[in-house]
Ligand SMILES: Cc1cc2nc3c(=O)[nH]c(=O)nc-3n(C[C@H](O)[C@H](O)[C@H](O)COP(=O)(O)OP(=O)(O)OC[C@H]3O[C@@H](n4cnc5c(N)ncnc54)[C@H](O)[C@@H]3O)c2cc1C
Ligand SMILES: Cc1cc2nc3c(=O)[nH]c(=O)nc-3n(C[C@H](O)[C@H](O)[C@H](O)COP(=O)(O)OP(=O)(O)OC[C@H]3O[C@@H](n4cnc5c(N)ncnc54)[C@H](O)[C@@H]3O)c2cc1C
């Protein structure tokens with residue numbers, strides 16, 4: 001069962017979100033909820049079935065799902081709520097979260113602290129404005145990885161991979177292992193953009209050629225990719241005429257970069273750094289909006305999952321501390337309500353501790369004139385906190401009343417105070 | 001020949017053929033609409049600027065001018081009846097510098113001659129106030145209040161669906177090959193799916209309208225030359241130009257626009273490049289550079305960093321002289337019942353403003369048939385209304401809540417950028433004109449058109465299509481046979 005209000009809500013159940021939720025709970029947050037749009041916890045790790053995760057934190061070389069499982073197991077023992085197969089559609093700067101799923105329907109939830117851990121998405125063919133036709137058979141490496149590792153289908157037989165990022169190289173090996181032919185990896189830069197270990201283990205060991213300073217000039221084929229035309233690039237990133245080569249293939253995989261996924265952050269009014277495309281954060285991983293924190297690939301793109309986990313832990317601890325402070329602070333505040341013949345009262349909210357320092361002035365206007373002596377009374381339910389006599393009240397004339405320091409104890413008992421004007 | 005005798009066969013289910021089918025569905029006729037592709041609306045109607053032109057552009061006296069102005073006026077009622085998205089938000093022809101400003105008045109005069117109402121010339125300050133992102137050197141604009149934008153696939157689908165619900169038969173994957181003649185009478189057509197007999201045939205084959213009419217021995221000199229137009233689409237979170245901005249037109253083209261879609265994305269384009277290949281919708285480096293240069297002349301603050309898609313369309317440009325010999329123009333629409341053969345309604349060269357003109361063309365086809373002696377009795381049960389299906393992202397939270405309560409599959413988001421739900425996808429797969437490919441669903445729901453370009457939704461849509469159609473995921477394609485997404489199961493799957 002979902003609660004209406006949480007101490008900490010985490011959006012995204014990748015390594016960042018899982019670590020944040022776990023650490024928030026351990027730090028003392030009471031109600032913690034993780035919302036994830038996939039059907040299971042773990043984020044992108046669930047499709048990364050290769051080894052290479054956890055060398056820093058666990059001193060072990062784990063596959064992605066095994067790394068994630070350690071956190072999923074820990075989370076399960078901590079009474080943390082989860083809402084899976086659910087998309088967060090909107091978030092406000094007041095930390096109201098709107099989400100929808102088949103199971104929960106459309107839900108609105110409030111939280112004292114919010115953790116953004118939505119990860120990132122892949123750059124697409126369109127973002128690098130790749131010329132040519134628009135057939136089936138052009139996939140981002142991550143989408144192809146999902147098809148192969150989660151859905152159990154091969155998206156092609158003969159591949160060319162554009163970009164020497166880690167996901168592309170890992171996929172080159174995976175596809176080769178599945179019996180496909182990877183013709184080539186093309187990289188526009190003069191250097192490898194992924195990890196050297198991946199170059200050795202995924203390309204060299206399988207005799208997959210890597211061509212630096214090369215890119216795709218155009219895609220050929222109307223229904224399905226039939227070939228791509230590659231071209232060499234000079235130091236100014238301009239194609240060198242005469243170096244074109246047609247490489248027959250049925251699939252082009254793109255491993256051309258990741259972009260933090262911050263559409264929700266933007267809706268919440270979080271300021272974004274144009275360089276990282278992620279939120280500006282302080283040392284607590286708090287964004288420009290108080291109470292909204294962020295961790296993982298949503299902030300900047302990581303190469304190693306261990307650092308993501310660390311960022312998630314830090315973020316979760318601070319989010320919990322923020323929520324705990326909010327709770328305490330919240331208990332100290334009383335709402336001011338307009339009672340009989342009072343239109344409004346300013347201030348709207350009063351910190352109970354303020355009376356320890358001085359009397360507090362309330363100002364208000366009445367709704368109707370009363371041309372005879374009246375009491376202006378501040379009430380806690382039926383208990384009178386203080387009162388003041390006036391000869392008359394009129395809507396055109398503001399009414400003032402002090403809550404004296406002597407009322408400190410009476411105010412401590414209240415969660416709400418109302419002000420009314422009654423005939424004497 | 002098949003036992004069934006049709007009254008009318010329409011060749012080609014683009015916006016023109018679909019609109020003709022919809023207007024003919026009102027009458028007691030057996031109508032067959034055939035389309036060579038796997039879905040309707042995959043030709044010229046699938047990639048255009050989506051503008052319902054006011055009508056100041058075409059040369060006075062031409063069919064283009066007449067159809068455009070009449071068609072434009074029909075769109076409010078049509079959008080109301082067929083429930084596609086249409087917004088009459090006006091358009092602007094923007095003059096940069098003093099010389100261009102002088103041309104606005106002649107454009108306005110041309111509009112008046114064509115019968116376009118509601119045109120106003122604005123000064124530079126007015127334009128800057130209405131579109132703060134405009135080139136600061138703007139000297140003024142022609143504001144055409146009747147210009148509009150629409151969902152161009154929505155128009156095709158709504159018209160064809162309304163036709164089908166009113167009794168028209170639609171056959172996709174069915175290509176016209178030749179006419180069956182009896183003397184000079186057309187009595188039927190040959191297709192890849194067999195022969196069909198009919199008293200009338202409508203040629204609305206778009207890019208192939210020349211090929212079709214040549215088969216009947218008509219207008220041998222008429223030739224469609226595809227003219228390619230390319231576009232960039234921008235992320236709506238980053239760039240919002242809320243107006244339809246044309247440059248001052250040149251002798252050959254309306255120029256590169258900066259405009260907005262009904263879905264809120266800014267788009268720029270199109271260029272105009274004549275090519276030979278009727279299937280070449282590839283995008284080119286040169287074309288993209290050209291539209292970029294044109295666009296930043298209108299709105300210098302655009303940034304390519306926020307481009308999320310590029311695409312290209314082919315205008316079915318013809319070389320038909322204007323019917324009126326006094327008007328010197330040789331790229332007019334053909335809308336005729338030719339004398340040389342009997343039983344053909346011949347349409348050709350329906351390039352821009354073909355989308356805007358399509359309802360007027362359909363009405364003209366009805367009139368031509370009446371003129372040729374067809375009685376065209378109205379069906380009492382004809383229903384002009386086509387209901388819209390729920391669109392989750394356009395609803396208020398309270399409406400979304402209710403929708404999900406009634407059908408939980410509307411609570412599962414499949415397209416993360418455009419917030420398209422499983423419920424919407426399933427509804428399109430089982431609609432009167434079923435969506436059976438990824439692109440068919442994309443055209444109907446706008447799924448996969450956002451910043452991740454289907455990266456997230458593709459595996460999920462493949463799964464839903466396979467489940468709903470009761471076939472293997474291996475059979476699911478992007479746009480019909482030959483464009484399947486997957487080639488075989490992985491080794492683990494095979495082993496199981
Ligand atoms: C393909 C790939 C291979 C990698 N290989 C290695 C490796 O070999 N070794 C290594 O150390 N690191 C590797 N990494 C890096 C590391 O795994 C990632 O940096 C890490 O997974 C990022 O964690 P995250 O929690 O920030 O994001 P993610 O794991 O992406 O999790 C984000 C989660 O948020 C959810 N979400 C997003 N938006 C919403 C929303 N609106 N509503 C609900 N849920 C939402 C997503 O579904 C996702 O589950 C790899 C990364 C990738 C992408
Ligand atoms: C870049 C561009 C921008 C444009 N901008 C606008 C605009 O803003 N406003 C506007 O009003 N207009 C615009 N247009 C014009 C408009 O898109 C076209 O005029 C209109 O779509 C033509 O519709 P159609 O039905 O005649 O052609 P199509 O949509 O091409 O339909 C013809 C159909 O016939 C089918 N067909 C062909 N041969 C056969 C056969 N042998 N058997 C069976 N079926 C066959 C085809 O597959 C196709 O589906 C633009 C066009 C382009 C290309």
inquiry  = When you scan segment B:138-158, do you find a residue that is on the phi > 0 side of the Ramachandran plot and outside any strand (DSSP E or B), even just one?
reply    = no
key: Subset of segment B:460-485 (residues that are under 28 Å from residue A:260 (Cα atoms) and either in contact with a strand residue (DSSP E or B) (Cβ under 9 Å, 6 or more places away or on another chain) or buried (at least 23 other Cβ atoms within 10 Å of the Cβ) (or both))   = B:460, B:461, B:462, B:464, B:478, B:485
ask   = Of all residues in segment A:138-159, how many are under 23 Å from residue B:481 (Cα atoms), surrounded by 24 or more Cβ atoms within 10 Å (Cβ to Cβ) and more than 7 Å from chain B (Cβ to nearest Cβ)?
value = 4
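Can you pull out every residue in segment B:103-161 that is more than 16 Å from ligand 2 (Cβ to nearest atom) and within 30 Å of residue B:444 (Cα to Cα)?
B:145
Any idea how many residues of segment B:203-215 are away from ligand 2 (no atom under 11 Å from the Cβ) and in contact (Cβ under 8 Å) with a residue 24 or more places away in the chain? First the steps, then the outcome.
Filtering segment B:203-215 down to residues away from ligand 2 (no atom under 11 Å from the Cβ) leaves B:213-214.
Within this subset, residues satisfying the condition of being in contact (Cβ under 8 Å) with a residue 24 or more places away in the chain are B:213.
Of the residues in that region, 1 qualify.
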ask   = For segment B:442-496, how many residues are touching a helix residue (DSSP H, G or I) at 6+ places or on another chain (Cβ under 6 Å), at the interface with chain A (Cβ under 8 Å from one of its Cβ atoms) and touching a residue at least 40 places away in the same chain (Cβ under 8 Å)?
value = 4
task = Please work out if residue A:54 is without any contact (Cβ under 8 Å) to a residue 60 or more places away in the chain and either over 20 Å from residue A:305 (Cβ atoms) or within 13 Å of ligand 1 (Cβ to nearest atom) (or both).
result = no
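Any idea which of A:314, A:252 is on the phi < 0 side of the Ramachandran plot and buried (at least 22 other Cβ atoms within 10 Å of the Cβ)?
Every option except A:252 fails the conditions.
Does segment A:160-190 hold any residues that are under 20 Å from residue A:122 (Cα atoms), more than 16 Å from ligand 1 (Cβ to nearest atom) and either within 14 Å of chain B (Cβ to nearest Cβ) or surrounded by fewer than 22 Cβ atoms within 10 Å (Cβ to Cβ) (or both), and which are they? Show your work before the answer.
Let us first name the residues in segment A:160-190 that are under 20 Å from residue A:122 (Cα atoms), namely A:160-175, A:185-189.
Next, only the ones that are more than 16 Å from ligand 1 (Cβ to nearest atom) stay: A:160, A:186-189.
A:188, A:189, listed by residue number.
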ask   = Is segment B:94-116 home to any residue that is more than 23 Å from residue B:300 (Cβ to Cβ), outside the structural domain of residue B:157 (by TED's automatic domain parsing) and not in a helix (DSSP H, G or I)?
value = yes
key: For residue B:286: the one exception among (1) over 22 Å from residue B:18 (Cβ atoms); (2) away from chain A (no Cβ under 14 Å)   = (2)
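Out of segment B:414-437, which residues are more than 12 Å from residue B:391 (Cα to Cα) and facing chain A (nearest Cβ under 8 Å)? Talk me through it step by step, then tell me what you get.
In the first step, residues of segment B:414-437 are kept if they are more than 12 Å from residue B:391 (Cα to Cα); the result is B:414-417, B:426, B:429-437.
Residues satisfying the conditions are B:416, B:417.
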note = Across (1) within 25 Å of residue B:49 (Cβ to Cβ); (2) touching a residue at least 24 places away in the same chain (Cβ under 8 Å), residue B:285 clears everything bar (2)
key: Among the candidates A:57, A:49, residue that is more than 14 Å from chain B (Cβ to nearest Cβ), part of a loop (DSSP other than H, G, I, E, B) and more than 16 Å from ligand 2 (Cβ to nearest atom)   = A:57
ask   = Taking segment A:73-85, which residues are closer than 17 Å to residue A:8 by Cα and within 12 Å of another protein chain (Cβ to nearest Cβ)?
value = A:83, A:84
query = Looking at segment A:91-121, which of its residues are within 9 Å of chain B (Cβ to nearest Cβ), farther than 19 Å from residue B:457 by Cα and under 15 Å from the mean Cα position of the chain (by Cα)?
reply = A:98
note = Selection from segment B:23-51 of residues touching a helix residue (DSSP H, G or I) at 6+ places or on another chain (Cβ under 7 Å), in a loop (DSSP other than H, G, I, E, B) and under 20 Å from residue B:377 (Cα atoms) yields B:25
note = Among residues of segment A:361-384 being within 45 Å of the chain's Cα centre (by Cα) and in a strand (DSSP E or B), the residue surrounded by the most Cβ atoms within 10 Å (Cβ to Cβ) is A:378
ask   = Which of the following residues is closer than 21 Å to residue B:400 by Cβ and part of a strand (DSSP E or B): A:99, A:113?
value = A:99
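Can you find a residue in segment A:298-319 that is in contact (Cβ under 8 Å) with a residue 12 or more places away in the chain, over 20 Å from the mean Cα position of the chain (by Cα), more than 16 Å from ligand 1 (Cβ to nearest atom) and not assigned by TED's automatic domain parsing to the domain that holds residue A:216? Please lay out each step first, then the result.
Filtering segment A:298-319 for residues in contact (Cβ under 8 Å) with a residue 12 or more places away in the chain gives A:298-301, A:303-319.
Now restrict to residues that are over 20 Å from the mean Cα position of the chain (by Cα): none.
The answer is no; no qualifying residue exists.
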request  = Examine segment A:243-253 for a residue that is at pLDDT below 95 and either more than 21 Å from residue A:174 (Cα to Cα) or in a loop (DSSP other than H, G, I, E, B) (or both), and state whether such a residue exists.
outcome  = no
remark   = Counting only residues in segment B:387-412 that are in contact (Cβ under 8 Å) with a residue 12 or more places away in the chain and over 11 Å from residue A:105 (Cβ atoms), the one surrounded by the most Cβ atoms within 10 Å (Cβ to Cβ) is identified as B:392
request  = Check segment A:210-217 and report whether any residue there is in a helix (DSSP H, G or I) and within 12 Å of another protein chain (Cβ to nearest Cβ).
outcome  = no
query = Is there a residue in segment B:339-357 that is touching a strand residue (DSSP E or B) at 6+ places or on another chain (Cβ under 7 Å), more than 24 Å from residue B:74 (Cα to Cα) and either within 14 Å of chain A (Cβ to nearest Cβ) or not in a loop (DSSP other than H, G, I, E, B) (or both)?
reply = yes
request  = Might you check whether a residue that is over 20 Å from residue B:62 (Cα atoms) and within 22 Å of the chain's Cα centre (by Cα) occurs anywhere in segment B:368-385?
outcome  = yes
ask   = Among the residues of segment A:122-140, is any within 16 Å of ligand 1 (Cβ to nearest atom) and within 21 Å of the chain's Cα centre (by Cα)?
value = yes
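May I ask you to say which residue of A:176, A:193 is touching a strand residue (DSSP E or B) at 6+ places or on another chain (Cβ under 7 Å) and closer than 18 Å to residue A:128 by Cβ?
Details: A:176 fails: closer than 18 Å to residue A:128 by Cβ.
Testing whether each residue is touching a strand residue (DSSP E or B) at 6+ places or on another chain (Cβ under 7 Å) and closer than 18 Å to residue A:128 by Cβ leaves just A:193.
The values are calculated or read from the model by the stated rules, or taken from the named source; none is laboratory data. Only a predicted model underlies this, so the values are computations on that prediction, with no experimental measurement involved. Neighbour counts are summed over all protein chains in view; Cβ atoms, including those assigned to glycine, are modelled from backbone coordinates with ideal geometry.
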